[in-house]
Amino acid sequence: MKNTALTDTHISLGAKMVPFAGYNMPVQYEGINTEHHTVRQAVGVFDVSHMGEFLVKGDKALDLIQKVTSNDASKLTEGKIQYSCLPNENGGIVDDLLVYKLSEQEYMLVVNASNIEKDWNWISSYNTFGAEMEDISDNTSLLAVQGPLAAETLQALTDADLASMPYYTFKKARFAGIDEVLISATGYTGAGGFEIYFKNEDAQHIWNEVFKAGEAHGIKPIGLGARDTLRLEMGFCLYGNDIDDTTSPLEAGLGWITKFTKDFVNSKALEEQKKEGVRRKLVGFEMIDRGIPRHDYSIADAEGTIIGKVTSGTQSPSLQKAIGLGYVSTDHSAQGTEVFINIRNTPVKAIITKLPFLK
C-alpha cells in the first residue's frame, strides 16, 4: 500500500485508516456524521493526495485531449477547468476527470486514484499526435478545503483574491509562504471551497498552516466516509459505483459533458445512442419506508419485477433520511415513480426524486 505525504499525520490524529485505491487513507476521525456537518456548516480538510495528475504539453496537447475526452476542451481559456470523461470503445467510461488549462500548450488532467495506471495507458494509446505526457501523481499532494468558511480560512494564507474566484477556475499563487501553489475553486462536496495542489515536500507545512488559519472557524480533518455522504447528497457520481466501463455517459446523466461538435473516442456510437434514446437511466431516490439502500441491491417495480440496481446509498446526515442512486429502465425513471429496493430480500418502498437531494 502507498502512503500520502500526510499518512503519519492522520495516524497521529487518531484517524481510522483503510486501504483505498492502493493507498492507506483516513476513512474517519471523530465520526462520519460529525465530519459531514463540519463541512456543510463550517470548514473541513480532506487529504486527497491519492488522486492522479498528468501533464499534457506541446502544440498537439489539445488535439490529444480532444480525442480522448467527451467534453469540448477547446472552450477552455487559461485558468479555467472542465469536468469531462474518457469514453471507451464500447459505450462505457474509462474514468471521469478534470481538465485544467495551465497555458496555451499545457494542460493538467486530474484522474481518480484507482484508475491512474489504466487512464495513463488509455490516453497514451491514443497519443499518435506526439503530445508530451508526464505523470506527476507521485510527487503531488492535494488538499480539498471545503465548506462555507473555506474562503475566509484560506484568504489569510494568500494574496490571491479567493472570494472572487468563479467556480471551476484556478490561480497559481504564493500560498502559506510557498510559491506556485495551484488554488482551484473546485471540490466534490457541494459545500463550496477549494482544492490546493503542491509538492509533497510542502505537505506538512501547508497542512499545519491551513489548520492554524482555520482554528477560529472550527476547522477539522475529514475522512473519505464523509466525502462519500457529501457527494451523494449532491447526486455526484463516484467512479466504480455510479459510472464505470459499462455505463454510458448519456445513461449516467452526463450528456452535458458529451459534446458532439467534435470527434472523440466512440463519439459516433454515443451520438447514435442519443438519437435512439437510452434504455436505462441513473436516477436519485429517497426511501419512504425504513431501510438503507446499498450498492448492488436490486430495484423492483410494484409487481416485483426487477427494473434496475442501486449504485450508491446512505443515510443522509443533512436530510435525516436514506437516499440513493441507481440505474432503472427508462420507463420507470420519472420523478415521483414509486419503486422498491430489495433490502435483504425484503422490498422496501422508495420514490424517484430530482437531483441534487440537498437543495
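Values quoted throughout were computed directly from the atomic coordinates according to the rules given, and no laboratory measurement underlies them. Quantities reported herein were computed from a predicted structural model and do not represent experimental measurements. Because the Cβ atoms are built from the backbone with ideal geometry, glycine has one as well, and the counts that use them run over all protein chains shown.
Within the bounds of the range 18-31, is there any residue that is hydroxyl-bearing (Ser, Thr, Tyr), buried (at least 20 other Cβ atoms within 10 Å of the Cβ) and farther than 21 Å from Leu238 by Cα?
Yes: the range 18-31 contains one or more residues that are hydroxyl-bearing (Ser, Thr, Tyr), buried (at least 20 other Cβ atoms within 10 Å of the Cβ) and farther than 21 Å from Leu238 by Cα.
At least 1 residues that are hydroxyl-bearing (Ser, Thr, Tyr), touching a residue at least 24 places away in the same chain (Cβ under 8 Å) and buried (at least 22 other Cβ atoms within 10 Å of the Cβ) in each: list the strands (runs of 3 or more DSSP E) lying fully within the range 138-213 that qualify.
Here the list reads 140-146, 178-184, 193-199.
Give me the pairs, please: first residue somewhere in the range 220-243 and touching a residue at least 12 places away in the same chain (Cβ under 8 Å) and over 21 Å from Leu6 (Cβ atoms), second residue anywhere and among the small types (Gly, Ala, Ser) and in a loop (DSSP other than H, G, I, E, B), beta-carbon distance under 7 Å, and either six or more positions apart or on two chains.
Sorted first by the residue in the range 220-243, then by its partner, the pairs are Glu233/Gly190; Glu233/Ser318; Met234/Gly190; Cys237/Ala252; Asp242/Ala252; Ile243/Ala252.
Give the residue, chosen from Val278, Val310, that is among the β-branched types (Val, Ile, Thr) and crowded, with 21+ Cβ neighbours inside 10 Å.
Val310
Given the criterion within 23 Å of the chain's Cα centre (by Cα), at negative phi and surrounded by 20 or more Cβ atoms within 10 Å (Cβ to Cβ), identify the matching residue among Glu286, Glu233.
Step by step, each of Glu286, Glu233 is checked, and only Glu233 is within 23 Å of the chain's Cα centre (by Cα), at negative phi and surrounded by 20 or more Cβ atoms within 10 Å (Cβ to Cβ).
Among what's in the range 70-84 and is in a loop (DSSP other than H, G, I, E, B) and within 21 Å of the chain's Cα centre (by Cα), pick the residue that is surrounded by the most Cβ atoms within 10 Å (Cβ to Cβ).
The extreme case among them is Ser70.
I'd like the residue in the range 217-242 that is assigned to a helix (DSSP H, G or I) and among the acidic types (Asp, Glu) and, out of all such residues, is farthest from Asp296 (Cα to Cα).
Glu233
Might you let me know whether the range 243-259 holds any residue that is part of a loop (DSSP other than H, G, I, E, B) and among the aromatic types (Phe, Trp, Tyr)?
No, the range 243-259 contains no residue that is part of a loop (DSSP other than H, G, I, E, B) and among the aromatic types (Phe, Trp, Tyr).
Mind listing just one residue for me: the one in the range 39-50 that is closer than 16 Å to Ala144 by Cβ and surrounded by fewer than 24 Cβ atoms within 10 Å (Cβ to Cβ) and, of those, nearest to the chain's Cα centre (by Cα)?
Only one residue tops the list, namely Val48.
Need a quick list: strands (runs of 3 or more DSSP E) entirely within the range 1-69 having at least 1 residues that are without any contact (Cβ under 8 Å) to a residue 24 or more places away in the chain.
16-20, 23-28
Give me a count of the residues in the range 110-137 that are touching a residue at least 60 places away in the same chain (Cβ under 8 Å) and within 29 Å of Ala42 (Cα to Cα).
So the count comes out to 3.
Hand me the list of strands (runs of 3 or more DSSP E) wholly inside the range 268-359 holding 3 or more residues that are without any contact (Cβ under 8 Å) to a residue 60 or more places away in the chain.
Strands (runs of 3 or more DSSP E) meeting the threshold: 280-287, 298-300, 306-316, 321-329, 338-343.
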